[in-house]
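One structure is given here, and the rest of the page talks about it.
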Amino acid sequence: MQLQPTVSTAHSVKSADRALAIVDLVAAKGFVSFTEILTSLGLPRSSAHGLLNTLQKSGWLEHDPSTRQYSLGLRAWQVGQMYTGHNHIANAAKPVLDRLATALGETVQLARLDGVDSAYFAISQHSSDGALFGSSVGIRLAAHATAPGTALLSNLDPAEAGKRLAALPEPRLINKTVIELPALRERIAVAKKRGYAIDDEEYLAGSRSVAVPLTSATGGVNSAISVTMPASRTSSQWPTDVVRALVDAAHEVRARLGAKESGITVPQP
């Protein structure tokens, strides 16, 4: 006799979604209280208790009784170490990123698109004088508000990019952040036509960034290279002066990955 599940499929899927949402929230914030989890995710108290207990027992979360806060557990780290999906790109790009960071004296990043976020998986910094502006390996930033994110969105089919933009949950980050859908679509179209995207203090005041996509040569992973610097250190030729160096770097990375053509245009001064 075949046993029937005691929990419906729909309920199982909902529980999985909620569990993943909890892990994502804790990963983003570092330390989260039970009340904050309830408030941020809108979970029923009884369901949250059960999910948190399960996640804690399985090692995905840890709970500090003294602070009553949750943080990521050892299992999250173990699973993260097993992921190698972007290694071939990172390994090919890292020497190029290092040289570019040294040449420009600024921070150079490699990011991929993940939903409506740009996830950074390789970063090179020439010295402590270079400004990271909060970016680090593993961090996820709102794609619509950053140069890498805009470059990555411009690499998608316009219909797919539109779907992702329509799902944006975030409010305006700072006064210069563009959130209106028509304006965002226009920004993406301009980035696609130019072959590069910029962030002119739209994610963080005082920070400027330029990014170019690596396109399809990356083995199916939509990725982009960017240079981030303080606005005070940009020249009167920005972003053209930085784009030229970025395009050369992108050509080299693509060659290391076995691509023959870049599909990236070089802007004219």
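Bear in mind that the values in this text are calculations on the coordinates, not laboratory data. Keep in mind that what you see is a predicted model, and the values were worked out from it rather than measured. For neighbour counting, all protein chains shown are included, and Cβ atoms are generated from backbone atoms with ideal geometry for every residue, glycine included.
Specify whether the C-alpha gyration tensor of the stretch 9-79 places it in the rounded, prolate or oblate class, a ≥ b ≥ c being the square roots of the eigenvalues: rounded for a/c under 1.5, otherwise prolate if a/b is larger than b/c and oblate if not. Note, shape of the stretch 9-79 comes out oblate. Each Lys or Arg adds one and each Asp or Glu takes one away; over the other residues whose Cβ falls under 9 Å from the Cβ of residue 239, this sums to -1. With θ taken as phi - 60° and the Karplus curve 6.51 cos²θ - 1.76 cosθ + 1.60 applied, the whole-hertz 3J(HN,Hα) list for the stretch 201-213 is 6, 9, 9, 9, 4, x, 10, 10, 9, 10, 9, 10, x Hz, x standing for glycine and proline.
Going by neighbour counts of Cβ atoms within 10 Å, the residues 74, 156, 20 line up, fewest first, as 74, 20, 156.
Annotation: for a label point projected 7 angstrom from Cα along Cα→Cβ of residue 71, residues of the stretch 16-53 with backbone N closer than 11 Å are 30-32. Here the gap between residue 13 and residue 28, fully extended at 0.36 nm per residue and compared with their Cα-Cα distance, gives a gain of 3.2 nm. Label-to-label distance, residue 235 versus residue 103, with points set 7 angstrom from Cα along the beta-carbon direction: 1.3 nm. Placing pseudo-labels 7 Å out from each Cα toward the beta carbon at residue 167 and residue 57 gives an inter-label distance of 3.1 nm. Ordered by the count of other Cβ atoms within 10 Å of each Cβ, fewest first, 144, 86 give 86, 144. Of the cross-linked pairs 94/192; 14/57; 163/192, which ones have a Cα-Cα span greater than 22 Å in the structure shown? As for pairs spanning more than 22 Å Cα to Cα, those are 94/192. A simple charge model with +1 on the Cβ of Lys and Arg, -1 on the Cβ of Asp and Glu and nothing else charged puts the dipole of the stretch 9-79 at about 140 debye relative to its Cα centre.
For residue 222, the residues whose amide H sits under 5 Å from its own are 113, ignoring neighbours fewer than 5 places away on the same chain, with H placed 1.01 Å from N.
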